[in-house]
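Data first, discussion second: the structure below is written as structure tokens.
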Amino acid sequence: MNLLQRMLDAVWAGSIRKRLVVSIALTQAVLLGVFVTDLVARQRAALRETSAQEALALAEALAASSTSWVLANDTEGLAETISSATRYPVANAVMVLSPELKVLAHGDPTRVGTWLTDPASRTLTTTRAPHLIDARALDAAAPIITGTGRTIGWVRVQFSLAMVDKAVAEVGRAGAMYVALAVLAGVLLALLIAGQLTKEVEALASVADRVRQGEVVRHVVHRHDELGRLGLGFNAMLDRLLEQQRAGDALRAELERSEAHLERAIASASEFLWSYDPQGREVTLWVRGNGGLGWEGERTRRGATRGEKELQALIYPGDLPLALAWAQAMREGKGHPLKGDLRVRHADGRWLTVQVRGSGRSDQPDGPIDGTIVDVTDLRRHEDEAAALHRRLLEAQKMEALGRLAGGVAHDFNNMLAAIQAHATLARQEATNPQQQQDLDTITQAAQRAAGIAAQVLAFGRGNGVEPGAVDVVAAVKEVRALLEPTLQGITVELRAPDAAWARAERSGLVQVLLNLCVNARDVLAGRGHIVVEVASHDGQGLCASCHQPLLGPGVRISVIDDGPGITPELQSRVFEPFFTTRSERGGSGLGLSVAHGLVHGWQGHLQLESQPGRTAFHAWLPATVAPAQVKTTAVAAPKVAAPSAGKVLVVDDEPLVGKSLARVLRRSGFEVQVAEGVEEAVATFGAPWHAVVTDYSMRDGTGLDLARQLRERGFNGPIVLMTGNPGVVPASDAVNVVLGKPLDVDQLLGWLNG
Amino acid sequence: MSRPLILSLLISSLFACNNSGEQPVSTTYSTVRPEGTVVPLVLAVHPLYNPRRLEAVYGPLISQLSAATGRPFRLEASRSYAAFEEKLAHREFEFALPNPYQTLRAREHGYTVFAKEADDSRFRGLFLARKGDGPATLDDVRGKKVAFPASTALAAAMLPQLFLARAGLKVGRDYEPVYVGSQESSIMSVATGDVALGVTWPPPWEALTAERPELASQLEVRWQTAALVNNSVMARDDVDPALVALVRDTLLAFSPDLQGPERRFVAADDATYEPVMVFLEAYTQEVGPPP
């Protein structure tokens, strides 16, 4: 097929002359061929019909003239009758048959007396009318009928079709010859016409080739017919094209300069450009620098165009009203200049925040609006993160300030309480009136409760000051559960925990934290509900709800979950503040969660809060650690000191009231006491035979620890008791024997001093 | 449609109309009669008339015989008395209707009379002459030409020749006999003036009178002979006697009113034709040896 295609193309394509000649030749050949073929077919049919009629007529004539001979069974007469017919040039066979198809006479005398047995001949025994036995061979038969209507035989004539075929063949040959002559004449005529036509066309083509090569030439017109007009039109077209080419060249140069300028401008910009067609409701986007929306074609010169509906699908649903309002305003010619942020979806599925600016031409209110788009996704994220960080910083600063404030207040408060408690103790010892004794006991109890509150305030600020270690959290939880269960009437507690989970904490403090959380849950449920305490490992992702710092990685998380009414978002940000409570009328101190905050953070832990109606969960996250069995613990032995006994004791406190009160208590217990109101004064007394030193920690000219170190450096090896209203701030040191919190437990102090 | 495909169709159309290759049905000849082909029985009638008329006269009888016997019958004519007699001598027919003279000769070839045509009075010779012309007396016949169908035609030749001999006119001596081959030819010979007299017998003359009255009106019966025994119906001796009896019954019951021209038959046998023997003896003595 390809070869035929190439051959046809070789003849057909490339030359009008060839096409014209081949077309006329083929057309004539086909039309005349069809005509001659049809003529031959008609001629054949007509000749056959004529021959058939002649055969039938001959048979009938012979039948008529054979009647008597058949009646007489006279074969000689019959032979004579058909002898004339057998001389007929196309008669292959002429015969007279009896009704039983016995040959009574035949052109071939040897056939006389034989019988016809073929099926076609047998039809004569069932038919009475003249007919064609076989039209293809022009085999006709006519019955021999007597005057009474009886069929007494048949005359059968078989004509040869050779004459017909010969005549038809002659007609066909003549027709073919005429076709060939017509085709030849047509080809010659086509060559003549094509030569005239293509000569002018080739001249035009030559001029066109030269023009294509850059020459400025024109066709020379010699004719006045259609080709002449074509030449004139061709020249006019060339003139017009030359003008347009020159104008186009100028415009193209200008356009290239403009585009180059634009491309440089776009390439140098970090933004990308857009244009909105209010009529077509389409947006076209060009991107030259980094970024873009990933639209196909956006980096091409033509840009990427999207319909308004298609574009809407790419805009964040929350921003769609703004975008639709912009589009409506732009279509009404009053929406520009516009500026704002939209969130749109990048082709890769990411959501981008873009800043859109746009403006139209003031002289075309309903014309296109062009503008820029800036990808501000990172900027807005950084801005959001910075704002969140700032908020967390403020929260942390607030908690830090609260802690410091609470620590300072508690310290001073403890000093006051220490004085009150000391004097109350002295007064109680000296009082003989029972009523006075009872009053002094009440003062002492109140001072102890106040000291408890101060301790909690201090715990909020700096923890409880106890060095954390490995604690089995599950055991602590179980302990708390045992403590609380008697008070949980109507409330079920479910524990979800492994056998053991070790975290870095301090056991008593952890019990306090869990108690505070569980008591809060119990109080919220008001005698009806469900508490789940869950202990599990945690990946450490997320932020602390109180200090807003990120967690420190994998740890152990203790969750206390209740199905109470939940905490509103407004309250969630304040629940860790000291003295903030929603249960003040029920005796809430507002210190439970703030104490938990202080303790947990003292162990480098954090707190998290999740709350919604029907579910509130407080999570205490603690750094994980290994079981103590795997930790080499070394008992730190206290320095061997001489056991104090009644002797000289140096009391150092920059608060005179506290120092004097303590000195009075110690003197009453048999000690000789000297009071120094600062580190400097105490050091100045060195050399005196002190058996023990009792010193405050935080003083105006130094700390009690500094004093202890100096005394140890100077060789003092007696007991040194460090007092502090804020134990959490006291670093561990071998220089002191014990750290006692204010207000002092006098019996405990005396215990230490006595041995 | 692609350009090559169009061109291919155009070119192929030039050769698409050739209509050749028809093969005719061949004709098969066999020397053996095909099985199941029933050959009709033949009733041959001597040339009373030309074959067409003979068929017109006896065709209804043939149809009746076929219907009655259940076997096809075919009427066979003959081109001449001689041809008839030759075929009779060769026993080519199962049944024959000869004239009385041929009846006697057929007996020699194995044929037997079983019936005959009725009305013997119609078996006589008629001398036809043109009205107002021809011999007025028998003596006027002398020297004239007289047309006869055939020399063996008993009613139309032998009876008239004996009739003329007894009038003193010897055949060949006193008049010139012209044997024209058939009854119609004899009549036409006198009508055209070729002969002075044309001899025939009643059936052909009656037929002419009925069919061509303008011709018959120009002629007249000038003399007629005495009657003899009418034509016989004979069967070949190898035909089943039962079939012969059935044919005879059919002939005797044949109704001429319904079936065609008057042809009635009566039973007969060979003895019925003894008068013919007498006639032949007289003929031999007075005219000469029978032809």
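Note on segment A:61-95: residues that are in a helix (DSSP H, G or I) and not polar (S, T, N, Q) total 14.
Count of segment B:276-291 residues, restricted to those that are touching a residue at least 40 places away in the same chain (Cβ under 8 Å), of a type in the set (A, V, I, L, M) and more than 12 Å from residue B:157 (Cβ to Cβ), is 4. Only a single item in (1) surrounded by fewer than 24 Cβ atoms within 10 Å (Cβ to Cβ); (2) touching an Asp or Glu at 6+ places or on another chain (Cβ under 8 Å) is not met by residue B:133, and it is number (2). Only a single criterion out of (1) within 37 Å of the chain's Cα centre (by Cα); (2) of a type in the set (A, V, I, L, M); (3) within 15 Å of residue A:600 (Cα to Cα) is not satisfied by residue A:473, namely (1). Looking at segment A:152-192, which of its residues are surrounded by fewer than 16 Cβ atoms within 10 Å (Cβ to Cβ) and aromatic (Phe, Trp, Tyr)? Matches in segment A:152-192: A:178 only. Taking the conditions (1) at positive phi; (2) of a type outside the set (Lys, Arg); (3) within 14 Å of chain A (Cβ to nearest Cβ) in turn, residue B:182 satisfies each one other than (1). Report, by residue number, each residue of segment A:96-150 that is at the interface with chain B (Cβ under 8 Å from one of its Cβ atoms), part of a strand (DSSP E or B) and at pLDDT 80 or above. Hits for segment A:96-150 are A:102, A:103, A:115, A:116, A:139.
You will find that of B:51, B:98, B:60, the residue that is away from chain A (no Cβ under 12 Å) and under 30 Å from residue B:187 (Cβ atoms) is B:98 and no other. The residues of segment B:28-39 that are out of contact with any helix residue (DSSP H, G or I) (no Cβ under 8 Å at 6 or more places or on another chain), at the interface with chain A (Cβ under 8 Å from one of its Cβ atoms) and not small (Gly, Ala, Ser), listed by number, are B:31, B:32, B:33, B:34, B:37, B:38, B:39.
If the condition is being out of contact with any strand residue (DSSP E or B) (no Cβ under 8 Å at 6 or more places or on another chain) and touching a residue at least 40 places away in the same chain (Cβ under 8 Å), then segment A:101-150 contributes only A:135.
Inspect segment A:570-591 for any residue being part of a strand (DSSP E or B) and either modelled with pLDDT of 80 or more or touching an Asp or Glu at 6+ places or on another chain (Cβ under 9 Å) (or both) and give the result as yes or no.
Checked segment A:570-591: no residue is part of a strand (DSSP E or B) and either modelled with pLDDT of 80 or more or touching an Asp or Glu at 6+ places or on another chain (Cβ under 9 Å) (or both).
For segment A:23-38, taking the residues that are at pLDDT below 85 and more than 10 Å from chain B (Cβ to nearest Cβ), the one that is surrounded by the fewest Cβ atoms within 10 Å (Cβ to Cβ) is identified as A:23. Please enumerate the residues belonging to segment B:85-95 that are touching a Ser or Thr at 6+ places or on another chain (Cβ under 9 Å), within 12 Å of another protein chain (Cβ to nearest Cβ) and of a type in the set (Asp, Glu). Correct list: B:86 only. In the set (1) aliphatic (A, V, I, L, M); (2) in contact with a strand residue (DSSP E or B) (Cβ under 8 Å, 6 or more places away or on another chain); (3) within 14 Å of chain A (Cβ to nearest Cβ), residue B:82 fails one condition alone, (2). Restricting A:500, A:536, A:505 to those that are crowded, with 16+ Cβ neighbours inside 10 Å, of a type in the set (Gly, Ala, Ser) and touching a strand residue (DSSP E or B) at 6+ places or on another chain (Cβ under 8 Å) reduces the list to A:505. Scanning segment B:202-211 for residues that are over 15 Å from the mean Cα position of the chain (by Cα) and surrounded by 13 or more Cβ atoms within 10 Å (Cβ to Cβ) yields B:206, B:208, B:209. Scoring residue A:9 on the criteria (1) more than 10 Å from every other protein chain (Cβ to nearest Cβ); (2) charged (D, E, K, R); (3) without any contact (Cβ under 8 Å) to a residue 24 or more places away in the chain leaves a single failure, condition (1). When B:104, B:54 are checked against the criterion of being surrounded by 22 or more Cβ atoms within 10 Å (Cβ to Cβ), touching a residue at least 12 places away in the same chain (Cβ under 8 Å), outside the structural domain of residue B:164 (by TED's automatic domain parsing) and more than 22 Å from residue A:101 (Cβ to Cβ), a single residue qualifies: B:54. Yes or no: segment B:206-216 includes at least one residue that is farther than 30 Å from residue B:135 by Cβ, at pLDDT below 90 and among the acidic types (Asp, Glu). Checking segment B:206-216: not a single residue is farther than 30 Å from residue B:135 by Cβ, at pLDDT below 90 and among the acidic types (Asp, Glu).
Residues in segment A:47-60 include at least one that is in contact (Cβ under 8 Å) with a residue 24 or more places away in the chain, within 11 Å of chain B (Cβ to nearest Cβ) and in a helix (DSSP H, G or I).
The values are calculated or read from the model by the stated rules, or taken from the named source; none is laboratory data. The structure presented is a predicted model; accordingly, all values stated were derived computationally and were not measured. Methodologically, a virtual Cβ is constructed for each residue, glycine included, from the backbone with ideal geometry; neighbour enumeration extends over all protein chains shown.
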